[in-house]
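Beneath this line is the structure, given in structure tokens, with notes to follow.
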Amino acid sequence: MADPYTTLGVARSASEKDIKSAYRKLAKELHPDRNKDNPNAAERFSEVTRAYDLLSDKDKRAQFDRGEIDADGNPAMPFGMGGGMGGGGFRPGGGGRGYSAQDFQGFGDEGMDLGDIFEGLFGGRAGGGSPFGARGGQSGFGGGARRPPQTGANVQYRLKVPFVDAATGKDQRITLSDGKTIDLKLPAGVEEGTQMRLKGRGEQGPGGPGDALVTISIEPHPFFRRDGNDVRIDLPITLDEAVNGAKVKVPTVDGAVMLTVAPGSGSGKVLRLKGKGFQLKGGGRGDQLVTLEVDLPDHDEDLVRRLEGWRDARDVRARLKS
């Protein structure tokens with residue numbers, strides 16, 4: 001993803017209020033419901049939403065500004081430090097070549113004593129200053145009991161999970177490096193960066209196979225946002241729906257449901273849909289929080305005529321006065 005500041009059109013020094021204002025303006029312009037004939041708008045809407053999700057999170061924004069994560073929220077690892085965990089070469093879901101005890105196997109089989117090598121480097125043998133301890137059955141590299149055969153290398157994977165699947169706990173299909181495909185059951189409360197270990201699904205070794213380490217990356221959603229174990233959504237409503245009340249359809253991670261908007265509901269009012277959030281570790285689900293946004297038409301002559309001569313006598317800004 002491009003630089004999130006550039007995507008939202010704000011400076012790196014922008015305040016939280018400026019970032020939210022820029023997002024609301026772009027989201028309103030690019031919302032798929034208003035651009036049904038423009039497929040590029042949906043992609044742009046998704047980019048804007050991902051940028052806002054990152055910059056609206058204080059911790060993630062700070063990490064991005066320090067260069068600790070990239071624009072997608074992934075750790076910005078130094079060159080040559082990617083994945084691997086001892087695995088060899090580059091493979092789907094794997095990383096760069098790392099070194100493990102297996103890389104030194106075979107020396108003993110060829111009659112070469114690792115204790116002799118290290119003693120030659122550091123000077124001294126058993127009882128004579130070797131940093132690896134005494135020989136002859138003691139711990140360390142020298143002589144004595146041979147180490148048990150090493151297991152194979154672990155293999156790392158990064159699995160992108162759709163937002164809705166993460167919330168509802170839908171099984172994810174993943175293809176391993178050996179070509180086998182399995183259905184992976186997501187744990188309750190799964191989060192960005194959650195790591196799952198699949199025993200015995202790594203590379204083969206003399207002592208058996210290593211493990212597969214699967215890191216979960218939750219994809220952003222065009223209009224859902226995560227708040228702990230709750231899901232948030234901004235729901236546009238018309239002026240007449242806000243004034244008179246209405247039953248409106250609202251999306252949830254489980255599918256659309258009807259929501260009752262009480263008469264006199266204004267922008268910013270939050271309604272709660274129980275059990276429509278992320279799965280909880282102890283059982284149950286979080287909630288969905290729906291923030292109402294009264295969407296006024298840009299210029300409606302009929303509305304202007306109807307309101308002509310009417311004034312709201314309330315002091316709606318009283319709380320802002322010192």
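The values are calculated or read from the model by the stated rules, or taken from the named source; none is laboratory data. The structure displayed is predicted, hence computed values, not measured ones. Here the Cβ positions follow ideal geometry from the backbone for every residue, glycine too, while neighbour counts run over all protein chains shown.
Table for the structure above
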{"read-out": "Residue within segment 186-207 that is buried (at least 18 other Cβ atoms within 10 Å of the Cβ), of a type in the set (A, V, I, L, M, F, W, C), outside the structural domain of residue 54 (by TED's automatic domain parsing) and assigned to a loop (DSSP other than H, G, I, E, B) present", "value": "yes"}
{"read-out": "Candidates 241, 301, 219 - the one that is surrounded by 15 or more Cβ atoms within 10 Å (Cβ to Cβ) and within 27 Å of residue 316 (Cα to Cα)", "value": "241"}
{"read-out": "Some residue of segment 241-250 being within 20 Å of residue 46 (Cα to Cα) and touching a Phe, Trp or Tyr at 6+ places or on another chain (Cβ under 7 Å)", "value": "no"}
{"read-out": "Test: residue in segment 145-161 that is surrounded by 17 or more Cβ atoms within 10 Å (Cβ to Cβ), in contact (Cβ under 8 Å) with a residue 60 or more places away in the chain and part of a loop (DSSP other than H, G, I, E, B)", "value": "yes"}
{"read-out": "Matching residues in segment 1-54 - criterion: being farther than 19 Å from residue 66 by Cα, in contact with a Ser or Thr (Cβ under 8 Å, 6 or more places away or on another chain) and not acidic (Asp, Glu)", "value": "20, 23, 27, 48"}
{"read-out": "Single residue of segment 263-281 satisfying the filter (in a loop (DSSP other than H, G, I, E, B), on the phi < 0 side of the Ramachandran plot and without any contact (Cβ under 8 Å) to a residue 24 or more places away in the chain) that is farthest from the chain's Cα centre (by Cα)", "value": "263"}
{"read-out": "Meets criteria (surrounded by 13 or more Cβ atoms within 10 Å (Cβ to Cβ), within 22 Å of residue 32 (Cβ to Cβ) and in contact with a helix residue (DSSP H, G or I) (Cβ under 9 Å, 6 or more places away or on another chain)) for residue 225", "value": "yes"}
{"read-out": "First in segment 240-262 and assigned by TED's automatic domain parsing to the domain that holds residue 297, second anywhere and surrounded by 18 or more Cβ atoms within 10 Å (Cβ to Cβ) and among the acidic types (Asp, Glu), Cβ under 9 Å, 6 or more apart", "value": "248/241; 261/241"}
{"read-out": "Segment 292-308: number of residues that are part of a loop (DSSP other than H, G, I, E, B) and either outside the structural domain of residue 251 (by TED's automatic domain parsing) or within 40 Å of the chain's Cα centre (by Cα) (or both)", "value": "4"}
{"read-out": "Within segment 5-68, helices (runs of 4 or more DSSP H) holding 3 or more residues that are surrounded by 12 or more Cβ atoms within 10 Å (Cβ to Cβ) and among the small types (Gly, Ala, Ser)", "value": "16-30, 39-55"}
